[in-house]
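A.B. asks: Starting off with a structure, shown below.
The values are calculated or read from the model by the stated rules, or taken from the named source; none is laboratory data. From a predicted model like this one, the values you see are computed outputs, not experimental measurements. Cβ coordinates were reconstructed from backbone atoms using ideal geometry, including for glycine residues, and neighbour counts include every protein chain displayed.
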Amino acid sequence: MKKQVMISAVIAGLLSPLAAQAQFAKAEDAVKYRSATFVVMAAHFSRIGAVVKGEKPFNKDEVAANAAVVASLAHLPWQAFGPGTEGGKALPEIWKEADKFKAGADKMEKAIAELNTAAKSGNLDAIKKTFGAAGQTCKACHDNYRKK
């Protein structure tokens, strides 16, 4: 039974990006989806940033909750960058350099997962270190693939 559930979960995970991409009937729908995802991620990421910068007192439970939200959303926007979804703040280089863009997305997801792990630990020094690394992955993508 456990094996069957695991197999079903893996199949669903592999097919979900295809289903999600198919849900975007128009390029505008994909743009809205990825933009909304990034807005929510940025809101929660900036809450952690306020703690890291000393602008807000450190509350390990709040930081962990915000990191969990960011981590749960980190894999979502990429499915809205498929062929024919150009527009919004995204530069055309995303579709011209798809492999490079995907590598950056993968790097960001990994950095966010590490931030989430650090946040769960409650160790502020580890949170600061992983927050900085995660922020760099976001900045790299914005510098290369986002309209100014």
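A.B. asks: Has the stretch 46-66 got any residue that is under 18 Å from GLY132 (Cβ atoms), out of contact with any strand residue (DSSP E or B) (no Cβ under 7 Å at 6 or more places or on another chain), free of Cβ contacts under 8 Å to residues at least 40 places away in the same chain and of a type in the set (S, T, N, Q)?
C.D. replies: Within the stretch 46-66, one or more residues are under 18 Å from GLY132 (Cβ atoms), out of contact with any strand residue (DSSP E or B) (no Cβ under 7 Å at 6 or more places or on another chain), free of Cβ contacts under 8 Å to residues at least 40 places away in the same chain and of a type in the set (S, T, N, Q).
A.B. asks: Of the residues ASP99, ASP61, ASP106, ASP143, only one is over 24 Å from ALA30 (Cα atoms) and out of contact with any Lys or Arg (no Cβ under 7 Å at 6 or more places or on another chain); which?
C.D. replies: Just one listed residue meets the conditions, ASP61.
A.B. asks: Any idea which residue in the stretch 100-125 is nearest to PHE58 (Cα to Cα), counting only those that are surrounded by fewer than 16 Cβ atoms within 10 Å (Cβ to Cβ) and among the small types (Gly, Ala, Ser)?
C.D. replies: It comes out as GLY122.
A.B. asks: Identify, please: which residue in the stretch 88-99 is free of Cβ contacts under 8 Å to residues at least 24 places away in the same chain and surrounded by fewer than 14 Cβ atoms within 10 Å (Cβ to Cβ) and is, among those, nearest to TYR145 (Cα to Cα)?
C.D. replies: My answer is PRO92.
A.B. asks: Does the stretch 63-92 hold any residues that are of a type outside the set (Gly, Ala, Ser) and more than 19 Å from the chain's Cα centre (by Cα), and which are they?
C.D. replies: Those that are of a type outside the set (Gly, Ala, Ser) and more than 19 Å from the chain's Cα centre (by Cα): PRO83, PRO92.
A.B. asks: Could you tell me whether the stretch 71-90 includes any residue that is farther than 22 Å from VAL31 by Cβ and not polar (S, T, N, Q)?
C.D. replies: yes
Yes or no, residue by residue, for (1) basic (Lys, Arg); (2) more than 18 Å from the chain's Cα centre (by Cα); (3) modelled with pLDDT of 95 or more:
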site: GLN4; (1), (2), (3): no, yes, no
site: SER8; (1), (2), (3): no, yes, no
site: ILE11; (1), (2), (3): no, yes, no
site: ALA20; (1), (2), (3): no, no, no
site: ALA25; (1), (2), (3): no, yes, no
site: VAL31; (1), (2), (3): no, no, yes
site: ARG34; (1), (2), (3): yes, no, yes
site: VAL40; (1), (2), (3): no, no, yes
site: HIS44; (1), (2), (3): no, no, yes
